[in-house]
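Structure first, then comments.
Where a number appears in this text, it was derived from the coordinates with a stated rule and is not lab data. Note that this is a predicted model, so its numbers are computed, not measured. Using ideal geometry, Cβ is built from the backbone for each residue, glycine included, and neighbour counts are taken over all protein chains shown.
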Amino acid sequence: MMHTLNETHDLQLRSWVASANTVGTDFPIQNLPFAVFRRRNTGEPFRCGVAIGDQILDLRLAAEVPSFSEDIRKLLQAGAQDKLNALMALGAQAWSALRLALSRALREGAKEEKDLQSCLVAQTDVEYDVPARIGDYTDFYTSVYHATNIGKQFRPDNPLLPNYKWVPIGYHGRSSSIVVSGREFHRPVGQTMPPGASAPSFGPSKRLDIELELGIFVGTGNALGEPIGIQNAEDHVFGIALLNDWSARDIQGWEYQPLGPFLSKNFASTISPWIVTLEALAPYRVPFSRPSEDPQPLPYLDSEQNRQSGSLDIQLEVGLSTAKMREAQVQEATICRTSYRHAYWTVAQLVAHHTVNGCNLQPGDLFGSGTLSGPSLDQAAALVELTQGGKQPLQLPNGESRAFLEDGDSVVLRGWCEKPGAARIGFGECKGTVLPAREYKTA
Ligand code: MN
């Protein structure tokens, strides 16, 4: 169902919300992504909304609109809550029915226009919250290029571990420190082991990094003990957002053995407000394939559908703006351009693998894709790769350079899909700013 094109994808559709018809908008009527928002400075409860052009359709208000059928109003009521979890739990058929109803109601000439005008809020007038109550956060490692680049730095003689091409590698992260786009966070403090030292240092991280990732939100879960097969894995996925999984490489390098990353990863991760549904992404599916010299996926990670259309061609970009650049009002520097199509494992494979042992997923759970580096160096999606471990700092257009992030740096992730014959589907922005480390007083 998630793979098929239908009337909601039609390039010719136009909305009575004029800004949705603008060339280059992230949010045309073919997109209809979900977020949680409220009008800024009102203190009103957060509620779910759907982006249309530069506006948001407030689902809490739309649920009261009489021109919607009883069935659709029930779905809209799930969106009246302060998180998307209730809507996520309803399942793929419900999401698709709601998408169709909203697509029809927002089209030029729709009878709902008169009632829905008053349910619109300008995106410039709102603040967002993390879109779901994220019970569990799992971070994967799905770029073989990232795994190889990083592996070279930690283990030059043996960059890619023997399990990589067989098992989708992941670890259980922490959900409490996931924040929504626009937030600032303090540079983390911790233990690091400088090269050649005999005892660790303690202080602010000196190798603070980004990780350009996508966040995959689980919709309907599964009962403990009951795996989700790859054939219907995507029916359990609500949609995809942008995720910056900030990382302190120096803390990571000292702490990660033998159990993996810990405090180097859990001080902050930034998620975009907007979740783009898999259905909206249907025109941008591409075949999944493996180089013939690589092992083919085991049967539980393989399906005809996954081979034909399991990958997604989502364009991704990272912009860096330093405090000096903002002061001088110069444009941010683009430091990476890549695509999700380079991932070694697909969304369906991640769901099938995560649950194959009976592990239960719940509505609102989040998977990080892992840093989505592409095959070439300018497609590297973390500074540790772009600067070869800090040895080759990036030269910024204003004359500054960066080996790793400095205080005051802002990083913006952007994502979009574009091709002839299909509407542009955008993800909006995922932005965060680094504040100086807090002063840490020891007893
Ligand atoms: Mn990560």
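Computed over the Cα atoms of the chain, what is the ratio Rg over Rh, Rh following Kirkwood?
Dividing the radius of gyration by the Kirkwood radius yields 0.97.
Using a simple charge model, +1 on the beta-carbon of Lys and Arg, -1 on the beta-carbon of Asp and Glu, nothing else, what dipole does the chain show about its Cα centre, in debye to the nearest 20?
Dipole size: approximately 440 debye.
What residue among LEU312, LEU11, LEU214 has the largest mean-square fluctuation in a Gaussian network model of the chain, using Cα springs under 10 Å?
In this elastic network of the chain, the residue with the biggest mean-square fluctuation among LEU312, LEU11, LEU214 is LEU11.
Could you give the nm distance between label points at ARG40 and TRP166, where each point is 7 Å from its Cα heading toward the beta carbon?
5.3 nm
Can you tell me what percent of all Cα-Cα pairs in the range 219-343 are more than 24 Å apart?
54 percent
Report, by chain and number, residues whose modeled amide H sits under 5 Å from the one on LEU394, excluding near sequence neighbours (fewer than 5 apart, same chain).
ARG402, ALA403
What distance in nm separates the two pseudo spin-label positions at LEU394 and PHE185, each 7 Å out from Cα along the beta-carbon direction?
So the label points at LEU394 and PHE185 sit 1.8 nm apart.
Normalised by the number of residues in the chain, what is the relative contact order in percent for Cα pairs under 8 Å and 6+ residues apart?
21 percent
Once Rh for the range 61-214 is found with the Kirkwood sum over Cα pairs, what is the Stokes-Einstein diffusion coefficient at 4 °C and 1.567 mPa s, in µm²/s?
Translational diffusion coefficient: 63 µm²/s.
Out of every Cα-Cα pair in the range 57-119, what percent are more than 14 Å apart?
Cα-Cα pairs of the range 57-119 separated by over 14 Å account for 53 percent.
Hey, what number do you get for the chain at 222 nm if only DSSP H runs of n ≥ 4 count, each worth -39500 (n - 2.57), divided across all residues, to the nearest 500?
After summing the helix terms and dividing by residue count, I get -4500 deg cm²/dmol.
For the range 1-116, what is the relative contact order in percent, using Cα pairs closer than 8 Å and at least 6 residues apart in sequence?
24 percent
How much net charge surrounds LEU32 when only other residues with a Cβ under 12 Å from its Cβ are counted (Lys, Arg +1; Asp, Glu -1)?
Overall, the nearby charge balance is +1.
What translational diffusion coefficient, in µm²/s and rounded to a whole number, does the Stokes-Einstein relation yield for the range 1-100 at 20 °C and a viscosity of 1.002 mPa s, taking the hydrodynamic radius as the Kirkwood radius over Cα pairs?
After rounding, the answer is 149 µm²/s.
Can you list the aspartates and glutamates whose alpha carbon sits under 19 Å from that of LYS419, skipping same-chain ones fewer than 8 residues off?
Candidates past the 8-residue exclusion: GLU7, ASP10, ASP26, GLU279, ASP313, GLU317.
List, in the order given, every pair from LYS74/LYS114; LYS152/LYS265; LYS152/LYS441 whose Cα-Cα distance in the structure shown is over 30 Å.
Listed pairs above 30 Å: LYS152/LYS441.
How large are Rg and Dmax for the range 310-443 when only the alpha carbon atoms are used, in Å?
Here Rg and the maximum Cα pair distance are 18.2, 64 Å.
Toward the positive end of the charge dipole of the chain, about the Cα centre and with charges on Cβ (Lys, Arg +1; Asp, Glu -1), which of GLY49, LEU87, ALA199 goes farthest?
ALA199
Using the beta-carbon distance between GLN329 and LEU435 and R0 = 25 Å, what value does 1/(1 + (r/R0)^6) give for FRET efficiency, to the nearest 0.05?
0.75
Using only the alpha-carbon atoms, what does the range 155-222 span along each of its principal axes? Please give whole angstrom values in decreasing order.
50, 38, 20
Which value in nm describes the separation of the simple spin-label points at PHE262 and ASP407, placed 7 Å from the Cα toward the beta carbon?
Placing both labels 7 Å along Cα→Cβ, they lie 2.7 nm apart.
Under the Karplus relation 6.51 cos²θ - 1.76 cosθ + 1.60, θ = phi - 60°, what is the ordered set of whole-Hz ³J(HN,Hα) values for the range 171-188, x standing for Gly and Pro?
My calculation for the range 171-188 gives 9, 7, x, 10, 8, 5, 9, 7, 10, 7, 3, x, 7, 9, 8, 7, 3, x Hz in order.
What is the range 380-443's relative contact order, in percent, from Cα pairs under 8 angstrom and six or more apart in sequence?
Rounded, it is 23 percent for the range 380-443.
On the Cα set of the range 347-423, report Rg and Dmax in Å, please.
Expressed in Å, the Cα Rg and Dmax of the range 347-423 come to 18.0, 53.
Could you work out how much longer the chain between ASP82 and THR124 gets when fully extended? Use 0.36 nm per residue separation minus the Cα distance between them, nm to one decimal.
Fully extending the segment from ASP82 to THR124 adds 13.2 nm.
Mind grabbing the base-10 log of I(q)/I(0) for the range 204-265 at q = 0.16 Å⁻¹? Debye formula, identical points on the C-alpha positions, no solvent, two decimal places.
-0.73
If R₀ is 35 angstrom, what is the calculated FRET efficiency for the pair LEU298 and THR148, using the beta carbon separation as r and rounding to 0.05?
With a Förster radius of 35 Å, E is 0.95.
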